[in-house]
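See structure below.
The values are calculated or read from the model by the stated rules, or taken from the named source; none is laboratory data. Bear in mind the structure is a predicted one, so any value in this text is a computation, not a measurement. When we count neighbours, we look across all protein chains shown, and the Cβ atoms used for this are built from the backbone with ideal geometry, even at glycine.
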Amino acid sequence: MIEVPHEREQLFIGGRWTDPAGNEVIEVESPSSGEVFGRVPLPTDADADAAVGAARTAFDEGPWPHLAPQERAAYLTKIAAGLDARGEAMATTLARELGAPLELADGLNRSGTASIRASAALADEIPLDQRRSAGGDDLRILREPVGVVLGIVPWNAPIALAGQKMGSALMAGCTLVLKPAIEDPLVAYALADAVADAGLPEGVVSILPADRDVGEHMVRDERVDHVSFTGSSAVGQRIMGICAERIARLSLELGGKSAAIVLDDADLEETLPFLVRGGARNSGQVCVALTRLLVSRKRHDEVVGALKEAFEGLVIGNPLDPETQMGPLVSRVQRDRVEEYLRVGREEGATVVTGGGRPAGCEDGWFVEPTIFDDVAPGMRIAQEEIFGPVVAVITYEDEDDAVRIANDSRYGLSGSIFSTDVDRAVELARRVRTGTLAINGAGPNTIEPIGGFKRSGLGRECGLEGILELMEIKQVKLPRTAVPA
């Protein structure tokens with residue numbers, strides 16, 4: 001096993017370890033104890049300029065865009081192997097940085113590795129050069145990399161989301177500047193180590209865990225061709241505005257307020273684990289979390305009672321303890337945000353079924369109890385706004401049409417679930433729900449195939465062949481006619 005250092009003095013710019021331009025550092029704090037256990041440099045605008053410049057030169061003058069997809073795939077496979085070799089240490093590190101239970105932290109990291117491998121496996125499927133005939137013309141439709149990609153990754157699943165962006169960008173032939181969040185930079189540095197070991201051409205990849213100001217500085221950089229952002233809708237809206245000023249391409253995977261529709265024929269014993277996972281996984285800090293639970297009057301008491309018992313049985317505590325099922329929120333700021341919504345929910349007239357406070361015995365960290373609100377009206381703030389914490393709003397529906405209406409009564413459209421023993425019926429109902437991904441008798445999307453949102457949940461798609469094509473331009477080449485018509 002390769003260890004993951006918790007103290008760093010250099011930045012990973014253009015594939016090289018480089019001294020930072022400034023002297024400020026990021027102190028990495030454990031959200032479960034408040035302990036500072038790591039330090040890394042805080043990048044400046046000058047460091048960002050260097051990273052974008054390296055990516056620009058590598059794209060314009062280097063070999064990377066001209067390599068065959070199979071050659072690029074070989075590098076990605078090496079990166080994935082480097083992540084595998086650091087897997088155990090990365091899981092422990094992310095658990096300490098993010099507060100996610102150890103098993104979940106490992107799963108999130110492995111998801112990123114799987115995305116990189118899945119992108120590499122598509123090398124033979126990318127339609128680089130297609131021949132067509134139209135209107136008497138012979139054409140070649142060429143697909144070429146868009147250029148320099150800026151990938152901005154949030155703190156809730158840093159390697160999982162970085163792997164999605166890296167796999168698609170590099171397989172498309174783009175160069176990449178990756179900006180992870182400052183809340184959990186250490187696993188991002190481990191990813192940089194894996195990239196360094198893979199030996200990519202100079203300038204192709206930079207990884208800079210940086211603050212929002214530096215991120216926005218790069219979004220404004222004319223040398224960046226495409227911005228790929230995952231995060232809140234508010235920040236995504238700002239990025240979209242900046243990109244509009246310079247007509248830069250972008251893709252956005254934003255917030256969600258996903259509904260879990262439990263139909264009357266659902267098997268509650270099989271459904272319950274997914275409702276728990278959908279509401280409390282990663283302490284609710286998941287964009288595709290099932291935060292609206294839609295149940296009929298007929299099954300309301302049964303479903304809510306079972307979820308209450310399950311939430312109250314969750315083991316909350318130190319994420320490094322194998323018995324822990326739910327850890328803290330990532331920061332004091334995030335806990336304050338969630339607690340404000342707990343106050344709002346009570347003021348709106350919703351009923352706290354369970355939770356609503358801080359768990360006993362967890363005074364040192366940023367913990368919040370998993371919470372269920374009942375008697376929630378669809379228009380309440382706790383039913384409309386993304387809380388990003390372990391808070392589930394129960395909404396009662398009259399019939400299936402009413403359930404669909406409530407599910408679609410949201411500015412968001414990222415994910416969702418339908419639970420029923422009749423899969424065909426559930427799929428027909430799924431066609432009516434305006435959301436980018438939806439699971440039948442499950443929770444969360446497949447992260448190998450294309451994912452993305454409707455409405456304010458984003459633009460474009462990530463993962464799969466569609467994620468690669470998102471980062472490619474289409475060029476039409478009209479060939480000379482073999483015979484000139486009379």
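Computed values, structure above
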item	result
Among the residues listed as R96, R56, the single one being basic (K, R), modelled with pLDDT of 95 or more and surrounded by 24 or more Cβ atoms within 10 Å (Cβ to Cβ)	R96
Neighbours by Cβ (under 6 Å, 6+ apart or cross-chain): first from the stretch 1-18, farther than 20 Å from D45 by Cβ and not assigned by TED's automatic domain parsing to the domain that holds D49; second in a loop (DSSP other than H, G, I, E, B) and of a type in the set (A, V, I, L, M, F, W, C)	none
Pairs with Cβ under 6 Å, 6+ apart, first in the stretch 436-451 and free of Cβ contacts under 8 Å to residues at least 40 places away in the same chain, second aliphatic (A, V, I, L, M) and assigned to a loop (DSSP other than H, G, I, E, B)	G436/L414
Test: A46 is closer than 16 Å to M218 by Cα, without any contact (Cβ under 8 Å) to a residue 40 or more places away in the chain, outside any strand (DSSP E or B) and more than 25 Å from the chain's Cα centre (by Cα)	yes
Filter pass, G112 being within 26 Å of the chain's Cα centre (by Cα), in contact (Cβ under 8 Å) with a residue 40 or more places away in the chain, crowded, with 24+ Cβ neighbours inside 10 Å and assigned to a helix (DSSP H, G or I)	yes
Hits in the stretch 275-289 - residues which are in contact with a Ser or Thr (Cβ under 7 Å, 6 or more places away or on another chain) and farther than 15 Å from I372 by Cα	V288
Candidate set from the stretch 420-435 (those that are touching a residue at least 24 places away in the same chain (Cβ under 8 Å) and within 24 Å of the chain's Cα centre (by Cα)); member that is nearest to V288 (Cα to Cα)	T435
Test: residue in the stretch 321-329 that is without any contact (Cβ under 8 Å) to a residue 40 or more places away in the chain, surrounded by fewer than 22 Cβ atoms within 10 Å (Cβ to Cβ) and within 21 Å of the chain's Cα centre (by Cα)	no
From V344, V391, V352, residue being surrounded by 18 or more Cβ atoms within 10 Å (Cβ to Cβ) and more than 20 Å from G453 (Cα to Cα)	V391
The stretch 129-165, residues that are within 22 Å of the chain's Cα centre (by Cα), in a strand (DSSP E or B) and either exposed (fewer than 15 other Cβ atoms within 10 Å of the Cβ) or of a type in the set (A, V, I, L, M, F, W, C) (or both)	V148, V149, L150, I152
Meets criteria (within 17 Å of the chain's Cα centre (by Cα) and at negative phi) for L104	yes
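Residue by residue, here is whether (1) part of a helix (DSSP H, G or I); (2) touching a Lys or Arg at 6+ places or on another chain (Cβ under 9 Å) holds:
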residue	(1), (2)
P5	no, no
E27	no, yes
R39	no, yes
A50	yes, no
A55	yes, yes
R72	yes, no
T77	yes, yes
A80	yes, yes
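Quick grid of which residues meet (1) at pLDDT below 95; (2) surrounded by 17 or more Cβ atoms within 10 Å (Cβ to Cβ); (3) among the small types (G, A, S):
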| residue | (1), (2), (3) |
| --- | --- |
| I418 | no, yes, no |
| V423 | no, no, no |
| V433 | no, yes, no |
| I440 | no, no, no |
| S457 | no, yes, yes |
| L465 | no, yes, no |
| M472 | no, yes, no |
| T482 | yes, no, no |
| P485 | yes, no, no |
